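Right, one structure below, let's go through it.
The values are calculated or read from the model by the stated rules, or taken from the named source; none is laboratory data. Just so you know, these numbers come straight off a predicted model, no measurement behind them. Note: ideal-geometry Cβ built from the backbone for every residue, glycine included; neighbour counts use all protein chains shown.
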Amino acid sequence: MNTRLASAGPSIDGQLQRRRLLAAGLGAMGSGLLAPAAARAQSSAWPSKPIRIIAAQAPGSSNDATARALAEYLTGRLGSPVIVENRPGGIGMIAADAVARAAPDGHTLLLTLHSQLAQAPVLLKKVPLDTSKDLVPIAAFSTGVGVMVVKKDLPVKNLKELIALARQRPVSVGNFGIGSGWQLMLSQLAKQTSGKFDLVNYKGTGPMVFDLMAGNIDMGAGSMAGMASGIQRGVLKPIVVVSGGRSDKLLPGVPTWADEGFTGPAFEDIRDCNMLLGPAGLPSEVLQRLAELARESATRSESVKSVLAQLGVETAPLTGADLQKFIQRTWPTFQALTRELGLAAQ
């Protein structure tokens, strides 16, 4: 499978050369890290200034939608402005590095696809931070139902016809982030079917969907946050539910990978989420308060509930031990598949 970059922007090395040096004694993420004295002193008065959530994906993505809905809820509950800043690119490492280098006082947070945190150490030759130690996970929101779509005039109606077309000529495929679960699925599909799929990488779902609707690429996949409008307008045709399970409410009659006979880790075990994190050393009381607010936002915030409903999310945000178990289970799967398929960022 050929890979090329679209809208790549400044080089990763150029933007991400500084790495945050952690104080000695920091343990693994989420294991009760002790905050520096200054941070502990400030935590009792937290928040003492506006909070920034740095989103690693561009507007039009589930990442951006979740970040903005959560920011609105936090603003109301904390009585302090919570601002969303989009910093896409670099497999999420531009945003992640900015947060890892920030003061661990709860005023700078990261919302990113957890797949990017898992994948960066495998895909990149140089990683500006240790994603398993330099950031502490707070909560994870499911991305819900993911769907593969094709542009309206692509002469296929189902996966069988798409594979047949890809065997005849290259099919251009949009990817919302290097190392995404979708990229792993597509790579495995190409391997199993001998289809010709040319990957085009974008900084988020929004730019990819724009090119899909304009007819510049043949197909793509992503959450319902980015795909719903195009599907409803008839400019995008849904082909397969690629994650989150069959949804007769959102995508009636659209089959899953399993329905189409595709099984195995790439098609069954890849699950993504929008993960909220802070810098390592975040005071435990601030971490716990943010986790509590993230959990309750899913049932108390109309904006968050609306985003999750649009995505087809039916599960509560993961926090605490459940979040740690999720990371320990899924990150090795992402990394093993990436190595097995021989993927690398270019």
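For region 112-131, enumerate the residues that are surrounded by fewer than 20 Cβ atoms within 10 Å (Cβ to Cβ) and modelled with pLDDT of 95 or more.
Once the filter is applied, which keeps residues that are surrounded by fewer than 20 Cβ atoms within 10 Å (Cβ to Cβ) and modelled with pLDDT of 95 or more, region 112-131 yields only Asp130.
Could you list, in sequence order, the residues of region 157-205 that are without any contact (Cβ under 8 Å) to a residue 40 or more places away in the chain and in contact with a Gly (Cβ under 7 Å, 6 or more places away or on another chain)?
Result: Ile163, Ala166, Arg167.
Pick from region 203-231 the residues that are assigned to a loop (DSSP other than H, G, I, E, B) and not polar (S, T, N, Q): which of them is farthest from Phe267 (Cα to Cα)?
Ala214
Given the condition crowded, with 20+ Cβ neighbours inside 10 Å, among the β-branched types (Val, Ile, Thr) and either in a helix (DSSP H, G or I) or in contact with a Pro (Cβ under 6 Å, 6 or more places away or on another chain) (or both), answer yes or no: does some residue in region 64-71 qualify?
Scanning region 64-71, I find at least one residue that is crowded, with 20+ Cβ neighbours inside 10 Å, among the β-branched types (Val, Ile, Thr) and either in a helix (DSSP H, G or I) or in contact with a Pro (Cβ under 6 Å, 6 or more places away or on another chain) (or both), so the answer is yes.
Keeping to region 239-252, report how many residues are surrounded by fewer than 20 Cβ atoms within 10 Å (Cβ to Cβ) and over 14 Å from Gly144 (Cβ atoms).
Here the count works out to 2.
Sort out for me the helices (runs of 4 or more DSSP H) sitting completely within region 93-202 that have 1 or more residues that are more than 16 Å from the chain's Cα centre (by Cα), not assigned by TED's automatic domain parsing to the domain that holds Ser61 and not β-branched (Val, Ile, Thr).
159-168, 181-193
Condition (residue is touching a strand residue (DSSP E or B) at 6+ places or on another chain (Cβ under 8 Å) and of a type in the set (Asp, Glu)) applied to region 137-160: is it met by at least one residue?
Taking every residue of region 137-160 in turn, none turns out to be touching a strand residue (DSSP E or B) at 6+ places or on another chain (Cβ under 8 Å) and of a type in the set (Asp, Glu).
Those residues that are small (Gly, Ala, Ser) and surrounded by 14 or more Cβ atoms within 10 Å (Cβ to Cβ), I need them from region 311-322; list them, please.
Within region 311-322, Gly312, Ala316, Gly320 meet the criteria.
Here's a check for you: in region 232-260, which residue that is hydrophobic (A, V, I, L, M, F, W, C) and either out of contact with any Leu (no Cβ under 8 Å at 6 or more places or on another chain) or part of a loop (DSSP other than H, G, I, E, B) (or both) is nearest to Lys152 (Cα to Cα)?
Val235
Going residue by residue through region 85-92, is there one that turns out to be in contact with a helix residue (DSSP H, G or I) (Cβ under 8 Å, 6 or more places away or on another chain) and assigned to a strand (DSSP E or B)?
There is at least one residue in region 85-92 that is in contact with a helix residue (DSSP H, G or I) (Cβ under 8 Å, 6 or more places away or on another chain) and assigned to a strand (DSSP E or B).
For region 132-163, what are the residues that are of a type in the set (Asp, Glu) and either surrounded by fewer than 19 Cβ atoms within 10 Å (Cβ to Cβ) or out of contact with any Lys or Arg (no Cβ under 8 Å at 6 or more places or on another chain) (or both)?
Passing the criteria: Asp153, Glu161.
Here is a yes/no grid of residues against (1) surrounded by fewer than 16 Cβ atoms within 10 Å (Cβ to Cβ); (2) assigned to a helix (DSSP H, G or I):
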| site | (1), (2) |
| --- | --- |
| Arg271 | no, no |
| Leu287 | no, yes |
| Arg295 | no, yes |
| Ala309 | yes, yes |
| Gln324 | no, yes |
| Phe334 | no, yes |
| Ala345 | no, no |
